[in-house]
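Peer 1: Here you go, one structure.
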Amino acid sequence: MRRASLLALLFILSCSVRAFAGPPFQTDDPEPIDFRNYEFYTFGSADGTAVAMNTSGPAVEFNWGALPNVHLHFILPLAASLPSGGGMNAVGLGDIETGIKFRFVQETKRRPQIGTFVMFELPTGSAAKGLGVGKTWYKVPIWAQKSFGPWTTYGGAGETLFNKVDGLRNFPFAGLLVQRDIGKKLTLGMESFYHGPEGSAAAQTRSADMLDLGGYYKFRDPGFQLLFCYGHTIAGQSENYAYLGLYWTWGHKSDKDDKDKDTASAMNRFAPPTVAGRW
């Protein structure tokens, strides 16, 4: 029944104590979106234990490539808290998530790219109803990523900081993900994600290591995609995680694309007419 409830709640949102990152996975990557580019998500997510079910949806996420190697992040969530022990269910605005992703090491043939994605969770949700924390809280991670042809792996670790909130404690988290492109339309991935105990006021009262499976289906690459993920505990407190969303991206082409276009235009100007007509 709990798994059936999880699927039924996948399209509603609550802001659980742990913010979700790296849609659709819980592990994030260090790669910001390109300068002067944008991302928009609409999604539903769920995270639940025997203590309570916390869900997100409908929610919206917006990312902006404000500077080279830097993007700004914003999530506006509708939140729900559904206790398992007969407590009062609650639905309303959750804590708004803001953040800054900054890549400070570029990827090379032998070296991974490295960055951070600091989150600032604003106390807009009702703490009394379990929809928020009641104070600003933070996530401070380090992420690394390396690609090998159709394969990509990324992971890292960090700390969630609650600034002395009753019933909650600072806790570590870590994740490692491997994904592979399957043709031009589909990417599939698997991650192991760990978090420590989050405190007596959270649904995640004990630590858990989860195994999640998910991916992306590209209606247009990369402009429009379907994102999906589901996972369950393999060690520690029993926990379920799920995510389903739609993703759009648009913006200014990279400098490399502009240079390639300029080079092609120059070659067309000097090529014979029969050749230029084919380019």
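Peer 1: Which of K139/K185; K139/K253; K146/K218; K185/K253; K135/K218 have a Cα-Cα distance over 29 Å? Numbers along the way, then the final one.
Peer 2: On the way: K139/K185 33 Å; K139/K253 31 Å; K146/K218 22 Å; K185/K253 21 Å; K135/K218 38 Å.
Long pairs (Cα-Cα over 29 Å): K139/K185; K139/K253; K135/K218.
Peer 1: Any idea how far apart K135 and L246 come out in nm if each label point goes 7 Å out from Cα toward Cβ?
Peer 2: That separation, rounded to one decimal, is 4.0 nm.
Peer 1: Based on the Cβ-Cβ distance from K146 to S200, what FRET efficiency comes out when R0 is 45 Å, to the nearest 0.05?
Peer 2: Values: r = 39 Å, r/R0 = 0.87.
According to the calculation, E is roughly 0.70.
Peer 1: What is the sum of charges around E39, taking Lys and Arg as +1, Asp and Glu as -1, for the other residues whose C-beta is under 15 Å from the C-beta of E39?
Peer 2: On the way: positive: R36, K101, K218, R220; negative: D28, D29, E31, D34, E61, E97, D221.
Net charge around E39: -3.
Peer 1: How high is the FRET efficiency from I234 to V118, r the C-beta distance, R0 30 Å, rounded to 0.05?
Peer 2: Details: r = 29 Å, r/R0 = 0.95.
Computed FRET efficiency for I234 and V118: 0.55.
No value in this document is a laboratory result; all are computed from the given coordinates. The structure presented is a predicted model; accordingly, all values stated were derived computationally and were not measured. Positions of Cβ are backbone-derived with ideal geometry, glycine not excepted, and every protein chain shown enters the neighbour counts.
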